[in-house]
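The values are calculated or read from the model by the stated rules, or taken from the named source; none is laboratory data. Keep in mind that what you see is a predicted model, and the values were worked out from it rather than measured. Methodologically, a virtual Cβ is constructed for each residue, glycine included, from the backbone with ideal geometry; neighbour enumeration extends over all protein chains shown. Protein only, heavy atoms only, side chains kept; ligands, DNA and RNA dropped before computing areas. Shrake-Rupley method; radii C 1.70, N 1.55, O 1.52, S 1.80 Å.
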Amino acid sequence: MAPSRREERTPHWILHTFLAATVIYTVYPVLWVLTIAFSGKQSLAIADLPADPTKLDRFRAVLPWPTRFAFGNFSSVMADQPFARWMLNSAIVAIGATIVGVALSCTAAYAFSRFKFPGRRFGMMSFLVSQMFPGTLTLIPLYIIIVQWLGLGSTLSGLVIVYATTSIPFSVWMLKGYFDTIPKELEEAAVMEGAGPGKIFWSIVLPLAKPAIAITALFSFMTGWNEFIQAATFMDKEEMYTAPVGLRFFVGGFQQQWGYFAAGSIIVSIPVVLLFLYLQKYLVSGLTAGSVKG
Amino acid sequence: MRTLFVLLAAVAGILMPGAAAAQAKLVVWHSYRGGEKSAFEKVVGAFNARPDTKIKVDALAVPFDAFADKISAAVPRGKGPDIFIYAQDRMGGWVEAGNTVEPIDFYVDDALKGRFIPTTVEALTYRGNLYGLPLDYKVIALIHNRKLLKTPPRTTGELVKVAQGLTNRPAGKFGLAWSYGDFYYVASLLNGFGGGVFDKATRPTMNAPENVKALDLLVKWEKAGFMPAEPSSALITSLFNEGKAAMVFSGPWFLGEVASDIDYGVAPLPTIDEAGGQPMRPWMTVEGVFVSAQSQHKDAAFEFAKYVTGAEAGKVMALEGRQSPAAKAVYDDPKVQADPVLSAFRKQVEVAVPMPNVAEMTMMWSPATTALNKVNAGNSPREAMDVAQKALQKDVDALRKKK
Amino acid sequence: MSPAGPPASRVRFGIGLLFGLLVALAGGWALLLGARTQLEDDWTTRRAIVAVNALGSLVGQATDDAGVRKLVSAWQGTHPPGTRVRVIRGTTLEASTDPADTGAKAAPRRLAREEKPLYDQAQRLRAGVDSNREGGAPKAEIEVERQGGARQVAAPLEADGKVTGMVRLLVPAEPSTGGRSPVQAVLLLVFALVLYAVAAWLLPPRTALLATVSTALFCLAAAFFVGGELRALGLAERDGQRALASTVAAEVGRARALTGASAIDGGAWDTDLARKPHGLVTGAGAIDREKGEAQAQRVRRGALRSLLTLAALGLLALVVVGFGGAHRVGRALVTNRQAYAYIAPAIMGTTLLVFFPFLYGIALSFTDSNIYNTNLPLTELWVGLRNYATILGDFSFLRRAADGHWVFNYLNFYWTFLFTVIWTITNVVWGVSFGLLLALVLNTKGLALRPIYRVLLILPWAMPNYITALIWKGMFHRQFGVVNQVLAIFGFEPLSWFDTPFTSYLTALATNGWLSFPFMMVVSLGALQSIPADLYEAARVDGASRWQQFRAITLPSLKPALVPAVILSVVWTFNMFNIIYLVTAGEPGGSTEILITQAYKYAFQRYQYGYAAAYATIIFGILLVYGTIQNRVTRATEAL
């Protein structure tokens, strides 16, 4: 960056202040979750005030901070049930759904972006339309398809199919939009050099679309990672449950063990954060990295 | 080859029903976790280890939030468990929808019925037919912090006096904390006054004068200021765990949330002075052992149901799972008798009312909650319940109208 | 493959005529075959019901167990050999003419363990009668099982207005009257094709002419077919009525012989499953002419409607094929086979798992399906547009409370719709603008700590929202919530957030806003990478201000990636069930329900499945309209 352009930019301290304020906003409720998880108790934390609170008392009451660090909730979550196994199932299902979903979406989105064919708009619309019918009411028809027709009850592949198809519509739209922004000249140049459509797609378009693929991958992963009701309905064996199913044991019915649930939530969100850490380098790569200039 | 085998097995099944039942492999679904789950699994293990049976049972825990949906999805399609354990409130719906719960009236004689606390059997009877054996019951009672309150009040008059003495509103300390925004809890007052939500022919009776009187009393309590505002169950647990609530009306599930440093006692709910000394009558939910209508081994499934609801299994469930079994004989056990919590709930159940098991029950919650919120926000109980009555009547009629 | 050119229109219309006639005639013939089987089936059932009602009324009159057994065996004697009667009271088999029930198993005896279904059936019938008397949902009081042509029927036994047991009767099969031969339909088809061939050979190959000829031939053949078949159907119906009447007359005669009574109303035995008399047959066993004719009319009209629908479909096939539509579709499939192959897997998965449930839902929305009738086929529950009319025709916005003032009716569809729209717009506007702003800030070159900010800012998305939603709800508690504490620090009065619709809505908005912006941030961040840096450099050289750059470069370049995200997040927010359910639960008084939570309540709390499906379909319709308009405006499906 040439220093002469520095002046027209917002000073970084303003950006940092803004970001810091936003971080406080996003992290604040998460800190409460941490507080509950580490409290060693099962109740939600509440503001603890003396009879005649001063402003300082009130201020202290709104600060979420564990009064002690008890790891009992974490160890109970991991030890009293096969939680690690459930996390593994979730990981297999979510990664499987991501691979299947992203692969199918990439090819479909590429066709929608690059080919002109009858039914193109209809196809795109139908993906959108598929998101419009309320999913809450379709559990039983889905059960009929997955368990009765396909016989995929209590299998991870059944869930992979369901989750992949759930995320495909968004992924196709997202990727198609992104593919549209990749200049066609690049591909035309490759055609001149004799590359086939498969090679063009694989070695030119996909690398340029890394940010969009990262987004769709994250989205697909999250779709499978956090889903509860379908996993609970299609799985008839305890060792086949996924992590969200395991988590719900703590809060269903009358009994609400928030301490366990909070600890479990934290454990469950760690892989997501790790995945994001890994994906973010792709998220911010792409055309700006200069590959387009060639 | 496999088809042949299946065919042979089917023929054998027809010819020798006894032999087929003896090799049955059963699946049971339940929604227990923690201590209840391990106690239940222990009972299942003991059943499997019995020398005189070849029935083997596998238990599967299903999260409560998914249980009803899973049953409705799987069982009518011939999948799912042979036996499932669930509260009676969905039972009427399952019976009406058909193909879900097997009636077991035929198997059950008076001796077997006599095993259980009578109201628990009543809870699992629908239109004169018995659909499940009662495993355990849950009722709310009075739970108090012994550090703050040694002897719990016996009447509402005492309750108000004691609670007011223990309240310090600005400091967030309350004499009594309970989910009085949740109709399930408040029903204990309504029932105490002789009210209820449906009559015998399942016609709604939301605005019956008894119900209104009960809510008038609730309003009086609210005005007296010894109960916290917006009482969510999470808040009540927190208050009790922080020593900021002296008394709580709640059930056995609450005890699992109480922090280990709190010394608590359980006592029956007080009698209502305003209702001529009638006791508060909480709703009782009964967890029934249901045989699936699609089970291939109904006889064997019933054998298992009989076993888990027996006294021997009940003792394990009571002492290790901290549940209140429906079998009367369990409470003759000296260890159970010596347990203050179990005996308090046993005493409470004497005046409890089985929560209606009709299909229309699920329609009641939404209008009832709305009415209760209105009352809690200061509106007249009479009017709120009139509106609820109209709304519920409309929903009930919608199901009954002929095409 | 060299293009062979379109086939001549002569051939095309010929093929079209063939297809059209196949659809109309073969389809119609199959349909009528089904209808006639159904008709015969129904009459057989109805005659069996007459018999079981006759038997039931006789057994009900018997004074003691022995009397019942005597009557039953006498009854057996007057009926065809395959007839079987069983009388069950409680757990006792009181009388039986079943050959299996002899010797050690002779009645009376306790039911064996494997005979539990009999006991259960008796209980079911009793519960059905009780339920109907109380005015509950309509229940069957007679159960019929088909066993080939035979019928196993069961009816309750009554004494003093109470159900005391059940009688089960097996009516043996009677010879079938046989189906109708397809010769007529085949002849019509051949005849029409031959005529067309002749005409096409004689006439000049002009499209309009060929179309007219083929259509005329199609209509002619269809008309002949429909006319002939309807007549035959009418005759079959009349035969059925006659057979019923003779059954009633026979039963009346036998009953007279068995009891010696003279006044017997046999017409009352011809009932539906709820034991309500049809009134088609008089007491003595003759057909009520007017009613009989009306019923035959109904049968013919129903068949006519289906046949006309089929004929219309056939005509459509004729036109499509004839004018070359089918040919063009085939060509398009071949030419673009690569594109179709690319999208096929994704489309197929979505079609299977999304559109099947969805079509099922739409079909359900035209029915009166509820918990009491889930075992009936949807066609029997058809109510047409009634659910839609009820939902959309509810204009009761206000109602008068007891104390005279007007109260807003929050449960009205239009209020919920309005609220859902407000909810969606505010959430999406907040999510998109805040997410985009953060993405822009995070995209600043050289800003330190960017990876850390990014990770911290996606935390709301990463954490299960079940718990964070409840934390947010807790933050708005009147006494113990931190929001009111903060208000107190600044000297404001605490608020009861869930007591008024507006503040309650704010709590849900705060929660969902917190949950939804990270997704938009990530999408925007990715989309920003597609903008080539040299565009900005060029703009700066031209002296464009930062705002101008944003308007002229950033926004247009973001459009392709952002528009889909916006459209989809509108769709998702519109159906954002969890947050409303967990945070406000619709309070106060249902004012903060959105359409999807309302639909959920109809399905799972009120058990009105058809009504809930109509709600869901309306939601779908609204979103479809929105999607189409938005797509038109932004051209999101178009490439650049």
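Straight-line reach from C:LYS291: which lysines have a Cα under 24 Å away, not including same-chain ones fewer than 8 places off? Within reach: B:LYS402, B:LYS403, C:LYS276.
Karplus-derived 3J(HN,Hα) values for segment C:284-292, using 6.51 cos²θ - 1.76 cosθ + 1.60 with θ = phi - 60°, are 7, x, 10, 7, 6, 4, 4, 5, x Hz; glycine and proline are entered as x.
The distance linking segment C:383-446 with segment C:478-527 is 18 Å (Cα centroid to Cα centroid, whole angstrom).
222 nm [θ] for chain B, helices only, -39500 (n - 2.57) per DSSP H run of 4+, per residue, to 500?
Mean residue ellipticity at 222 nm (helix-derived): -13500 deg cm²/dmol.
May I ask you to order C:38-47, B:245-254, C:536-545 by the average number of other C-beta atoms within 10 Å around their residues, highest value first?
On the way: C:38-47: 18.0, B:245-254: 24.7, C:536-545: 12.1.
Packing order, densest peptide first, comes out as B:245-254, C:38-47, C:536-545.
Under a 5 Å amide H cut-off, with hydrogens placed 1.01 Å from N, B:LEU176 pairs with B:ALA246, B:MET247 among residues at least 5 apart or on other chains.
Sites count as exposed loop sites when they are chymotrypsin sites (Phe, Trp or Tyr not before Pro), lie in a DSSP loop, and have at most 12 other Cβ atoms within 10 angstrom; the longest stretch of chain A without one is A:72-294. Taken as Cα centroids, segment B:246-291 and segment C:17-84 sit 57 Å apart, rounded to the nearest whole angstrom. Rounded to the nearest 10 degrees, the inclination of helix B:361-376 to the longest alpha-carbon principal axis of chain B is 10 degrees. Every helix of 4 or more DSSP H residues in chain A counts as -39500 (n - 2.57), and over all residues that averages to -20000 deg cm²/dmol at 222 nm.
Derived value for the protein assembly as shown: Kirkwood hydrodynamic radius 35.6 Å. Basis is the mean of 1/r over every pair of different alpha-carbon atoms. Note on C:VAL421 and A:TRP149: with the Förster distance fixed at 30 Å, the Cβ-Cβ geometry gives a FRET efficiency of about 0.20.
Only protein heavy atoms count here, probed at 1.4 Å, and on that basis chains A and B bury about 3200 Å² of accessible area in total.
Applying 1/(1 + (r/R0)^6) with R0 = 51 Å to the Cβ-Cβ distance of C:GLU293 and C:ILE629, what FRET efficiency is obtained, to the nearest 0.05? Between C:GLU293 and C:ILE629 the formula returns 0.45. The mean number of partner chain beta-carbon atoms within 10 angstrom of a residue's beta-carbon across peptide B:29-41 is 2.
Determine the total buried accessible area between chain C and chain A, counting protein heavy atoms only with a 1.4 Å probe; round to the nearest 100 Å².
Values: alone 35680 and 18120 Å², together 43950 Å².
Buried surface at the C/A interface: approximately 9900 Å².
Would you kindly state the longest site-free stretch of chain A, with sites defined as trypsin sites (Lys or Arg not before Pro) in a DSSP loop (not H, G, I, E, B) surrounded by at most 16 other Cβ atoms within 10 Å?
On the way: sites that count: A:ARG9, A:ARG68, A:LYS116, A:LYS237.
Segment A:117-236 is the longest.
What does the highest-first list of B:92-98, C:490-496, B:203-209 look like by mean Cβ count within 10 Å? Write out the running numbers ahead of the final one.
On the way: B:92-98: 21.6, C:490-496: 11.4, B:203-209: 19.3.
By packing density, highest mean first, the sequence is B:92-98, B:203-209, C:490-496.
Counting other Cβ atoms within 10 Å of each Cβ, which GluC sites (Glu not before Pro) in segment C:135-188 have at most 13 and sit in a DSSP loop?
Values: sites: C:GLU141, C:GLU143, C:GLU145, C:GLU158; in loops: C:GLU141.
Sparse-neighbourhood loop GluC sites (Glu not before Pro): none present.
In sequence order, segment B:339-356 has phi-based couplings of 8, x, 5, 4, 6, 5, 5, 4, 5, 5, 5, 4, 10, 7, 10, x, 5, x Hz under the Karplus curve 6.51 cos²θ - 1.76 cosθ + 1.60, θ = phi - 60°, and Gly or Pro positions carry x. Label-to-label distance, C:ALA216 versus A:SER75, with points set 7 angstrom from Cα along the beta-carbon direction: 9.5 nm. Mind listing the phi-derived Karplus ³J(HN,Hα) values for segment C:439-444, rounded to whole Hz, using 6.51, -1.76 and 1.60 with θ = phi - 60°, and x for any glycine or proline? Coupling constants for segment C:439-444: 4, 4, 5, 5, 8, 5 Hz. Legend: residues in segment C:598-621 shielded by at least 40 square angstrom of accessible surface upon adding the remaining protein chains to the isolated chain (1.4 Å probe, heavy atoms) are C:PHE604, C:GLN605, C:ARG606, C:TYR607, C:GLN608, C:ALA616, C:PHE620.
Summarising the amide proton neighbourhood of A:GLY253: residues at separation of 5 or more, or on other chains, whose placed amide H is nearer than 5 Å comprise B:ASP65. The distance separating the Cα centre of segment A:98-170 from that of segment C:243-287 comes to 58 Å.
In deg cm²/dmol and to the nearest 500, what is the mean residue ellipticity at 222 nm of chain C if only DSSP H runs of at least 4 residues count, each as -39500 (n - 2.57), divided by the residue total?
Working: 22 runs with 386 residues, N = 640.
One gets -20500 deg cm²/dmol as the mean residue ellipticity at 222 nm.
For segment A:237-277, a drop of 50 Å² or more in accessible area on going from the chain alone to the assembled protein chains (1.4 Å probe) is found at A:GLU238, A:ARG248, A:PHE249, A:PHE254, A:GLN255, A:TRP258, A:VAL273, A:PHE276. Compute the angle between helix C:325-335 and the longest alpha-carbon principal axis of chain C, please, reported from 0 to 90 degrees and rounded to the nearest 10. With both axes taken from Cα atoms, the answer is about 50 degrees. Quick check: pseudo-label points 7 Å beyond the Cα along Cα→Cβ at C:VAL198 and B:LYS150, how many nm apart are they? Here the modelled spin labels are 11.6 nm apart.
Would you please name the GluC sites (Glu not before Pro) within segment A:178-269 that are DSSP coil residues with at most 13 other C-beta atoms within 10 Å of their C-beta? Don't skip to the end; give the middle numbers.
On the way: sites: A:GLU185, A:GLU187, A:GLU188, A:GLU193, A:GLU227, A:GLU238, A:GLU239; in loops: A:GLU193, A:GLU227.
Of the GluC sites (Glu not before Pro), the ones in loops of segment A:178-269 whose Cβ has at most 13 other Cβ atoms within 10 Å are A:GLU193.
Among the DSSP helices (H) of chain A, those spanning at least 24 angstrom by Cα along their long axis with an average Kyte-Doolittle hydropathy of 0.0 or more are A:12-39, A:83-114, A:156-181, A:258-283; this is a geometric and hydropathy rule only.
Exceedance of the 27 Å cut-off in Cα-Cα distance is limited, within the set C:LYS70/C:LYS162; B:LYS200/B:LYS223; A:LYS116/C:LYS445, to B:LYS200/B:LYS223; A:LYS116/C:LYS445. Counting only protein heavy atoms and a probe of 1.4 Å, the accessible surface of the protein assembly as shown is 63% carbon and sulfur.
With every protein chain present, what is the per residue accessible area of the protein assembly as shown (1.4 Å probe, Å²)? Here the per-residue accessible area is 41 Å².
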